[in-house]
1. So Ser66 fits all but one of (1) in contact with a helix residue (DSSP H, G or I) (Cβ under 7 Å, 6 or more places away or on another chain); (2) closer than 14 Å to Ile144 by Cβ; what number is the exception?
2. Test each condition in (1) surrounded by fewer than 16 Cβ atoms within 10 Å (Cβ to Cβ); (2) modelled with pLDDT of 85 or more for Val52 and report the one that comes out false.
3. Just the residues that are closer than 17 Å to Asp53 by Cα and over 21 Å from the mean Cα position of the chain (by Cα), please, taken from the range 119-142.
4. Quick check on the range 61-78: of everything there that is part of a helix (DSSP H, G or I) and not small (Gly, Ala, Ser), which residue is surrounded by the fewest Cβ atoms within 10 Å (Cβ to Cβ)?
5. Among the residues of the range 62-80, are any in contact with an Asp or Glu (Cβ under 8 Å, 6 or more places away or on another chain) and within 18 Å of Arg138 (Cβ to Cβ)?
Amino acid sequence: MTEPLNRRTALALLAAGVVPFRLQAAQKQLRALQTGVEPKLIFLDEAAHRLVDALCEAIIPTDDHSPGAHAARVSYYIDLVLGNSPVEAKQAWRAGMAALERLANKQLGKSFVDAGGGARTAFLNQLAGPSITATPERDFFARIKQMTISGYYTSEIGLLKELGYKGNQAIAEFPGCNTPPGET
């Protein structure tokens, strides 16, 4: 029997780029991912998955406050979204990964995955810095940052441990702003 489609999950998956006719399958895969079942890669091969996982962890690393993108399994979320996306999105993603890896090899002398933490950070800071021209590497980095943030903050780790979300709760009062207009 097919599970009913969860409205909130469907909206999140649609916003991430999942094609509408794949929503039911994507929701099932997402539910398996959230319950700790070892997911099967849909779109990424193992090498691409290692790259995406390293990029996600560099974007949201583990710190003293909470686990990072690796622990939240954001790379599997990205694989899920891409595996259920239109062909054009998949092609753009592959081209972006290849462009980023070429640039990493040129600037770091090795692949991004094989570079050390400091070299990775400097490389990504350069990609994130101001620039007049758009490049495939910059476009890809902007897209993976967006997907990492979306995947992380909709995961249990990001929502509950990082943000401390307690769920929908009744509020006894709604205090207003006491500052007169025009003052800060």
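The values are calculated or read from the model by the stated rules, or taken from the named source; none is laboratory data. All figures in this text were calculated on a predicted structure; none of them were measured in a lab. Glycine gets a Cβ as well: all are built from the backbone with ideal geometry, and neighbour counts include every protein chain shown.
1. (2)
2. Of everything listed in (1) surrounded by fewer than 16 Cβ atoms within 10 Å (Cβ to Cβ); (2) modelled with pLDDT of 85 or more, Val52 misses just condition (1).
3. Ala119
4. That would be Tyr76.
5. no
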